[in-house]
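Since the structure comes first, as structure tokens, the remarks are kept for the end.
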Amino acid sequence: MPITWANLGVDLHLDQSGRRLRAGLEHALRDAIQSGQLHPGARLPSSRALALDLGIARNTVAEAYGQLVAEGWLAARQGSGTRVSDRPAASPVAPSRDLPDPTLVRYDLRPGRPDLAMFPRAAWLAAARRALTAAPYDALGYGDPRGRPELRSALAEYLSRVRGVRVTADRIVVCTGVVQALGLLFQVQRAGGRQRLAMEAYGLPDHRQVAVANGLRVRTLPVDAAGADVDGLSGVDTVLLTPAHQFPLGVPLSPDRRRRVVEWAVEGDRLIVEDDYDGEFRYDRQAVGAIQALAPEHVVYAGTASKALAPGLRLAWLALPSHLIEPMTEAKRLADGHSGTLDQLTLAELIVSGAYDRHVRRCRLAYQRRRDRLVAALGDRAPRARVTGIAAGLHALVELPDGRREQEVVAAAAGRRLAVEGLDEYRAAEQRHRPALVIGYATPPEHAFAAAVAQLCTVLEG
Ligand SMILES: Cc1ncc(COP(=O)(O)O)c(C=O)c1O
């Protein structure tokens, strides 16, 4: 309901339901500042006066002011009260291309995130308690740059059981996300004179930037319905692939290409980097096993907790060929000593206790249902769009109806406060796929999923 803040003639649209009041007040004030209703330097009433004016608790106002001061929208100075900051219009944290102003997003179908509401909080807390209770003192000191032995053993068993990876604990290095793991690996490759890297023509821009920042010369491989075209590897030392579920096109690398790329690596003593970012989420058929099992001395296998648990953990792991153990351990040591121990111990406990498997099974089922609902809804309400890449993972490729352009569809979605991403955001080469959206169907919380998909269908048919 709109409440007019009489003194300044500003309408604050406040949702007055309980705990959302503070968030609503922050939101309304941000909006008023952004739209110029509240101009730079404008003095705000004291928290007591505004609370009286709005008929709400003073603490709620004080907390909202505090948050907006922390974000840079407001400035509080002793003696002169709270004012709108001098330069608030340029948002205090400039939103990047990938992160639209969160206050403008109501429905989020961007890829790259699991449903964070599914994080197994109770199981994690219980595992953390058990792990810390049992941890020796030295677990709290500086440790092996490769990570805690408990986690590396648990991962070695888990990866061999679930993904067929051939690895022992001493070959695993725990990193702060795949992004760090790749940075360290590229650094080591370059130091060893192996500067020529091939990557898929569609992929995560961050990974490409990490390669370039580490001085590698990057070549791109076209991607088609059989995955990356591995014919273009002559003169290359290292290839980075997403074989189980190409990101973002969603196709698996064909058996023939898997065999050929392994031959290429073994015969020329070269390296494959297998980014198995969502390998645990396969729905329709038996999981495609890791390529690493075919040539453990020529494949670096990379896995992450970002999909099955949460990206905020920043936990990922590499299974290394023997010649890379020593240089990668050294690179990790110089980068940050080692990754934080307590989360590693907790993850180890989660895996060993079986809670991690149970959680993954629960997520797999939930995401499979969402995928099926997405496909059904598009079939009914946006039949001219074509969905592909759905056998695995947390995202699908939705090819646009003829004549629609990605940018136009993304803008139309933004107008409905639906965040989606066009495929072109992930293109690194001349190759052009037909216009499509990369839909992250795991991203919204369950209660918002149906509405997000309904908005998507409307936009696609619009
Ligand atoms: C292709 C790809 N690789 C790896 C990752 C995981 O990266 P990180 O472990 O740095 O979160 C993601 C996550 O979105 C991804 O899309």
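The values are calculated or read from the model by the stated rules, or taken from the named source; none is laboratory data. Values in this document were obtained by computation on a predicted structure and should not be read as measured data. Reconstructed Cβ throughout: ideal geometry from the backbone, glycine too, with neighbour counts over all protein chains shown. Ligands, DNA and RNA are stripped out before the accessible areas are found, and what is left, the full protein with its side chains, is counted by its heavy atoms. Shrake-Rupley method; radii C 1.70, N 1.55, O 1.52, S 1.80 Å.
A few points about this structure:
- Relative to the longest principal axis of the Cα atoms of the chain, the long axis of helix 20-34 lies at roughly 80 degrees.
- As a rough guide to protection, the peptides 166-172, 113-119 ranked by mean Cβ packing within 10 Å, highest first, stand as 166-172, 113-119.
- Proximal charge balance of residue 312 [Cβ under 15 Å; K/R count +1, D/E count -1]: +2
- Surrounding net charge for residue 352, when Lys and Arg each add one and Asp and Glu each subtract one, Cβ distance under 9 Å: -3
- Helix 58-71 and the longest principal axis of the C-alpha atoms of the chain enclose an angle of approximately 50°.
- Within the chain, percent of DSSP bridges classed antiparallel, to nearest 5: 65
- Residue-level accessible surface for residue 425, protein heavy atoms, 1.4 Å, Å²: 60
- Within the accessible area of the chain (1.4 Å probe), percent carbon and sulfur: 52
- Remark: the residue 336-residue 225 segment gains 36.0 nm on full extension, using 0.36 nm per residue and subtracting the alpha carbon distance.
- In the complete set of protein chains, residue-level accessible area for residue 264 is approximately 40 Å², probe 1.4 angstrom.
- Per-selection metrics, the chain (Cα): Rg and Dmax in Å: 24.9, 78
- Computing FRET efficiency as 1/(1 + (r/R0)^6) for residue 364 and residue 76, where r is the C-beta to C-beta distance and R0 is 56 Å, gives about 0.70.
- Rounded, prolate or oblate (a/c below 1.5 giving rounded, otherwise prolate when a/b exceeds b/c) for segment 185-238 by Cα gyration tensor: oblate
- For the pair residue 126 and residue 42, a Förster radius of 41 Å applied to the C-beta separation gives a FRET efficiency near 0.25, rounded to the nearest 0.05.
- Computed with a 1.4 Å probe over protein heavy atoms only, the accessible area of residue 352 comes to about 110 Å².
- Percent of C-alpha pairs per 5 Å bin, segment 158-211, short to long: 4, 15, 20, 20, 20, 17, 4
- For residue 273, residues with placed amide H under 5 Å, excluding near neighbours: 239, 240, 241, 300
- Projecting the Cα atoms of 436, 73, 42 onto the charge dipole of the chain (Cβ charges, centred on the Cα centre) puts 42 farthest toward the positive pole.
- Summed residue charge, Cβ within 12 Å of residue 70's Cβ, Lys/Arg positive, Asp/Glu negative: -3
- Segment residue 191-residue 376, length gained on full extension (0.36 nm per residue, minus Cα span): 61.6 nm
- Relative to the dominant Cα principal axis of the chain, helix 322-336 is inclined by about 20°.
- Exposure rank, largest accessible area first [421, 267; 1.4 Å]: 267, 421
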